[in-house]
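Written out below as structure tokens is the structure these notes cover.
Here, each number is a calculation from the coordinates, and none is a lab measurement. Worth saying up front: this structure is predicted, and the values here are computed from it rather than measured. Here the Cβ is made from the backbone with ideal geometry for all residues, glycine too, and neighbour counts use every protein chain on show.
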Amino acid sequence: MSSTAAFLASFAAILVGAAVGMGLKRTLPADLLEGGSKEAIRLGAGFLSTLSALVIGLMIASAKNTYDTQNTNIRQLGTNAVLVDQMLTKYGPEAAPARTLLRETIPAATARIWQENIAGKIGSTFVVTGTGERFYDAIEGLKPANAEQASLKARIIEITTEIGRTRLLVFTQNDNAIPVPFFIVLVFWLAVIFASFSLFAEPGPIVIASTLAFALSVSSALFLIVDLSHPFDGLMQISNHHLQVVLPKVE
């Protein structure tokens, strides 16, 4: 579910709820909306408002957790790439082909991460690219000539494995942080709440303008929540700039 769809769906549902409330006020006898009925409806609306606030709070926490987790994964990829490059430099000239392949692997992996998430390829099989396989083969093909190079190779393999693990985490954690049924129930509650508000308000320019402003505010909040739950797309997407420039050119 995209953030735009979430905004439009919630905004339309809230306005429909408000319109239903106004329509019921005109058609129902006035005595049915007085006394105990009025109090019961207000208590129910207050209870739903509390539940909606709790649900929105949970949605914000879930979306923020998804965003922060993926942002941490991306930064970890960049950090490990720099560490591997520095160790390859220290290893010696024979590691130059591996450094060159690393500079091909990171931009390709970056582009693939964003393409996978924007295209919504959730649940597809993860496959290592040819460039990635050649990079791993180049690392394994290093033949240490002394103890220092042997130690460096072991550490390079360890960090390279961590890069692969982090890349796989980015792939497997690409799910919808806001379940659609969860969202549908929340929007239904909001529609009922706005219907109860307009049920006791006299239709007029102030009431209509206020209803539009409140509906726009709530829908905008849901838009931002859903947008935040898609870290690689939308207004608040994670930047890939540092992954593109994190490695210096091979001298």
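For the reader, a short list of remarks on this structure follows.
- Residue among 37, 69, 96 farthest towards the positive dipole end of the stretch 14-97, charges placed on Cβ: 37
- Dipole size of the stretch 1-90 about its Cα centre, with +1 on Lys/Arg Cβ and -1 on Asp/Glu Cβ: approximately 120 debye, rounded to the nearest 20.
- Alpha-carbon Debye profile of the stretch 144-251, log10 I(q)/I(0) at 0.10, 0.18, 0.20 Å⁻¹: -0.58, -1.05, -1.14
- Per-bin percent of Cα-Cα distances, the chain [5 Å]: 1, 6, 11, 13, 12, 9, 8, 7, 6, 6, 5, 4, 4, 3, 2, 2, 1, 0, 0
- Positive dipole terminus of the chain, leading residue within 207, 163, 217 (C-beta point charges): 163
- Per-residue 3J(HN,Hα) values for the stretch 239-246, derived from phi via the Karplus relation 6.51 cos²θ - 1.76 cosθ + 1.60 with θ = phi - 60°, read 6, 9, 5, 5, 6, 6, 10, 5 Hz in sequence order (x marks Gly and Pro).
- Dividing the summed -39500 (n - 2.57) terms of all DSSP H runs of n ≥ 4 by the residue count of the chain sets its mean residue ellipticity at 222 nm at -27000 deg cm²/dmol.
- Coil-residue chymotrypsin sites (Phe, Trp or Tyr not before Pro) of the stretch 142-251, DSSP, other Cβ within 10 Å capped at 13: none
- The chain - charge dipole about Cα centre, Lys and Arg +1 at Cβ, Asp and Glu -1, debye rounded to 20: 140 debye
- Integer Hz, Karplus 6.51/-1.76/1.60 couplings in order for the stretch 206-222, x for Gly and Pro: 5, 5, 5, 5, 5, 4, 5, 5, 5, 5, 5, 5, 5, 5, 5, 5, 5
- Nearest 10 degrees, 0 to 90: helix 147-172 Cα axis against the chain principal axis: 20 degrees
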